[in-house]
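Report on the structure given below.
What follows is calculated from the coordinates using simple rules that are stated; it is not laboratory data. Please read all numbers here as calculations on a predicted model, not as lab measurements. Every residue, glycine as well, gets a Cβ built from its backbone with ideal geometry; the counts of neighbours run over all protein chains shown.
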Amino acid sequence: MPASTLVLGGDLGGTSTRIVIADHEGNVVGRGAAAGGNPTSHPASAAANFGQAIHQALEGLDPTLVTTAVIGAAGGSALSNPGVRAQFDAAWSGAGLVCEADYIGDLEVAFASGTPEPDGTVLIAGTGSAAGLVRDHRLTRTADGHGWLLGDDGSGFWLGREAVRSLLRALDLGEPIGLLGEEVVKTLLPDHDRAAVAEREGYDRLRDDLVRTVNARPPVLLAELARTVVTAFDQNDKTAHAIVKRAAELLTETVSRLRTTSDNGPLVLAGSVAGESSPVGRLLRQSIHEHFDGEVLTARDGVGGATWLALGVLDPALATRSNHARLVS
């Protein structure tokens, strides 16, 4: 292949869009970043951010030298919509790129960012949650990832919803709402008169205000309360401990839909809820070690994983462990 051949890796997340350009030896020669690029949430702005990040990464480079591109996309199924895909294609060609972009799921990118192994399992637990079975670097089966209404068990959204549900249950029973309940009220109803909560009438009014406030907001915003659950957990709130424990159990159950006890391939964990600094992530790791064999790894730089996969598409001999270490560090 010509020495000037380039590859492109992309990671389109809900909060950021990142693009990396590398030469055929795995050396990064260009980087670009912009705001969220999830094609499901706001396709027009996501496509614009995608184009901005590409232009930035290609600055000073000839876009026609990019011959291979792998792009991981959260909510990537939205790209099957012709109207959404047309907006992303326009951003792509508008940057002068002539090769075909290979859009893959964020599960595949997360797995590749955590290990150079071809086979294994991956679990993402952030705002939502999903697991995937990977064979030869490609996703072959998934579990959960069904969205906030039908699934995403153990996710940030799930944590927030359970925090509100536990508070409403206490209010229905006329019981003390506890530390977690107080923090939920402060977050959702910062101007609420907490002195009135001591009376039955105050409990009823608080319950109604909570229900009205939560239903007036986009449901996914309940994920913001995941931090509230963690804060209460760190202060030894019993309800928060029960919610965190259950989240770890549910995420383990999601993995078990794909992974057998004899599967020795690596399991890569990704997302803020599954992170090592999260109490859910710590309990999850304990549970996984109790239920499954194999190495448990933490996902690293997603855009680096995508770029490494692009090198492998260009030439399988380039998907080396040294190139992997260089790109995802």
*Take every DSSP beta bridge whose two residues both sit in the range 118-298, then give the antiparallel share in percent to the nearest 5.*
65 percent
*Place +1 on the Cβ of every Lys and Arg and -1 on the Cβ of every Asp and Glu in the chain, take the dipole about the Cα centre, and give the residue among H42, V98, S4 whose Cα lies farthest towards its positive end.*
H42
*What is the spin-label model distance, in nm, from R205 to D136 if the labels are put 7 Å beyond Cα along the C-beta direction?*
6.6 nm
*For the chain, what percent of Cα pairs sit more than 28 Å apart?*
47 percent
*asked:* Between helix 43-57 and the chain, what is the angle of the helix's C-alpha long axis to the longest principal axis, kept within 0 to 90° and rounded to the nearest 10?
replied: 50 degrees
*Separation of the range 170-184 and the range 1-43 by C-alpha centroid, Å?*
46 Å
*Suppose R0 equals 41 Å; then what is the FRET efficiency for L189 and A44 from their Cβ-Cβ distance, rounded to the nearest 0.05?*
0.80
*Arranged by the count of other C-beta atoms within 10 angstrom, fewest first, what order do S93, S329 take?*
S329, S93
*What's the Kirkwood radius of the range 55-94 in Å, using all Cα pairs?*
11.8 Å
*Using alpha-carbon positions, what is the distance between the centroids of the range 262-329 and the range 212-233, in Å?*
28 Å
_If you restrict to DSSP beta bridges whose two residues both lie in the chain, what percentage is antiparallel, to the nearest 5?_
60 percent
*Total formal charge among the other residues, if their Cβ is under 14 angstrom from that of A73, Lys/Arg +1 and Asp/Glu -1*: -3
*D (Stokes-Einstein, µm²/s), Kirkwood Cα radius, the range 1-45, 0.692 mPa s at 37 °C*: 283 µm²/s
*Subtract the Cα-Cα distance of S322 and A242 from 0.36 nm times their separation in residues, and report this length gain in nm to one decimal.*
24.5 nm
*Taking the Cβ of each residue in V98, V122, V255 as the centre, tally the other Cβ atoms inside 10 Å and list the residues starting with the fewest.*
V98, V255, V122
*DSSP-defined beta bridges in the range 1-159 - what % are antiparallel, rounded to 5*: 70 percent
*Lys and Arg at +1, Asp and Glu at -1: add these up for the other residues within a Cβ distance under 11 Å of D172 and post the number.*
+1
*asked:* Which of W158, W92, W308 has the fewest other C-beta atoms within 10 Å, and how do the rest follow up to the most?
replied: W92, W158, W308
